[in-house]
1. Test of understanding: among GLY311, GLY325, GLY334, which residue is over 24 Å from the mean Cα position of the chain (by Cα) and either surrounded by 12 or more Cβ atoms within 10 Å (Cβ to Cβ) or not hydroxyl-bearing (Ser, Thr, Tyr) (or both)?
2. If we only count helices (runs of 4 or more DSSP H) wholly inside the range 98-214, which ones have 2 or more residues that are closer than 29 Å to ILE40 by Cβ?
3. When you go through ILE50, ILE40 one by one, which is the residue that is among the β-branched types (Val, Ile, Thr) and over 19 Å from the mean Cα position of the chain (by Cα)?
4. Since HIS136 meets every condition but one in (1) out of contact with any Asp or Glu (no Cβ under 7 Å at 6 or more places or on another chain); (2) surrounded by 21 or more Cβ atoms within 10 Å (Cβ to Cβ), which condition does it not meet?
5. Considering only residues of the range 1-41 that are of a type in the set (Lys, Arg) and not in a helix (DSSP H, G or I), which is modelled with the lowest pLDDT?
6. Answer yes or no as to whether LEU171 is crowded, with 16+ Cβ neighbours inside 10 Å, touching a Phe, Trp or Tyr at 6+ places or on another chain (Cβ under 7 Å) and farther than 22 Å from ALA114 by Cβ.
7. Looking at (1) farther than 21 Å from LEU115 by Cα; (2) out of contact with any Leu (no Cβ under 8 Å at 6 or more places or on another chain); (3) of a type in the set (A, V, I, L, M), which is the one condition that is false for LEU297?
8. Only one of GLY126, GLY99 is surrounded by 19 or more Cβ atoms within 10 Å (Cβ to Cβ), touching a residue at least 40 places away in the same chain (Cβ under 8 Å) and under 23 Å from VAL37 (Cβ atoms). Can you tell me which?
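The values are calculated or read from the model by the stated rules, or taken from the named source; none is laboratory data. For clarity, every value in this text was computed on a predicted model and none was experimentally measured. FYI the Cβ positions are ideal-geometry reconstructions off the backbone, even for glycines, and counts take in every protein chain you see.
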Amino acid sequence: MRPSFFRHLHPPTIPARQARFRYTLGAGGVSVFLVLVLLITGILEMFYYIPTPDGAALSIQSLTYLVPFGGFVRNLHYWAAQLLVVSASIHLLRVLFTGAYNRPRRLNYLLGLALLILALLLDFSGYVLRWDQGIHWALVAGTNLLKTIPLVGSGLYGLVMGGSGISGASLIRFYAWHIFGLTLALIGIGVWHIFRVRRDGGIAVPPPGLRTEGQRISRDELVRREILAAILVAVWLILLASFWPAPIAAPLDRVAESTVDSQAPWFFLWIQQLLRWGDPLIFGVLLPAALVLVLALIPFIPPAKEPSDLGRWFPPTGRLAQIVGAFSLLALLGLTTLALMGS
């Protein structure tokens, strides 16, 4: 039988040891599924969303309370976006802690890091599109960080905001970035990332002579497991969307600007905490940029992985990357906790 395109997405067989959930955590496949949910629910929301200062928040309220199943679709979109940040982060940590980033996977590691950054930017831009009182502080503080960048800051701010301050042009810019710029980039790099997984030999495993187990699973069994994982995530999404609605607030206007809650979205609370400690350029721009740079350089820092270390957690030759990953995770969690506590 001639193989179909969908069958070609998976190798004929893969080692059973590296196909176990406790090794992969299923985060890569879950992330792909969540992106599909976001695309479908996002398209449905576009039929009702009005990207104007007077209409944005009211159209979201209409979608939530008046359109049949509109609130449920919006909740699905919201929770899929939050879970995507979590699953993409877990996937990156799994790659760091298993050492699956050396040649020939260096490029794909960088693509995965870029996808995580795009997921964060998409989440933030979607957050801003609510255009209600709950987003005012994060919009002002987040975009003002661009102004602190020497030489190019003002130009970047104008590119993102469409002017010298918050206006209707700002909403249009965020809508365009969210629907076209960032989404198309996520899809393009995501397809490239999946292609490179196959191109680089699939999941990282030791050479045949160094494998302790010879058992393998078939392509059909792998697809069955992926479908089961997608069903479980779908059930979890439905429960979240049914019982924990997405945030909604009164429309943003100048009269209410001083009453809004001064808090960033949860995935940027760590930056908000850093901003409390000092200069916005250093703590809000340079430190986050340094974190991304350090993570990007990990595949190029020796020593290279030994072939026998592939396909297992916490290999000895990857200690530096493991320390960097663990320290980064603990730092971000600690800063987020401090921000939630209001320290």
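1. GLY311
2. Working: elements: 106-128, 136-147, 153-161, 168-176, 182-199.
The helices (runs of 4 or more DSSP H) meeting that bar are 106-128, 136-147, 168-176, 182-199.
3. On the way: ILE40 fails: over 19 Å from the mean Cα position of the chain (by Cα).
Criteria check complete, one pass: ILE50.
4. (1)
5. At the first step, the residues of the range 1-41 found to be of a type in the set (Lys, Arg) are 2, 7, 17, 20, 22.
With not in a helix (DSSP H, G or I) added as a condition, the list becomes 2, 20.
Working: ARG2: 57, ARG20: 79.
Per the stated criteria, the residue is ARG2.
6. Numbers: crowded, with 16+ Cβ neighbours inside 10 Å: yes; touching a Phe, Trp or Tyr at 6+ places or on another chain (Cβ under 7 Å): yes; farther than 22 Å from ALA114 by Cβ: yes.
It is true that LEU171 is crowded, with 16+ Cβ neighbours inside 10 Å, touching a Phe, Trp or Tyr at 6+ places or on another chain (Cβ under 7 Å) and farther than 22 Å from ALA114 by Cβ.
7. (1)
8. On the way: GLY99 fails: under 23 Å from VAL37 (Cβ atoms).
Answer to the check: GLY126.
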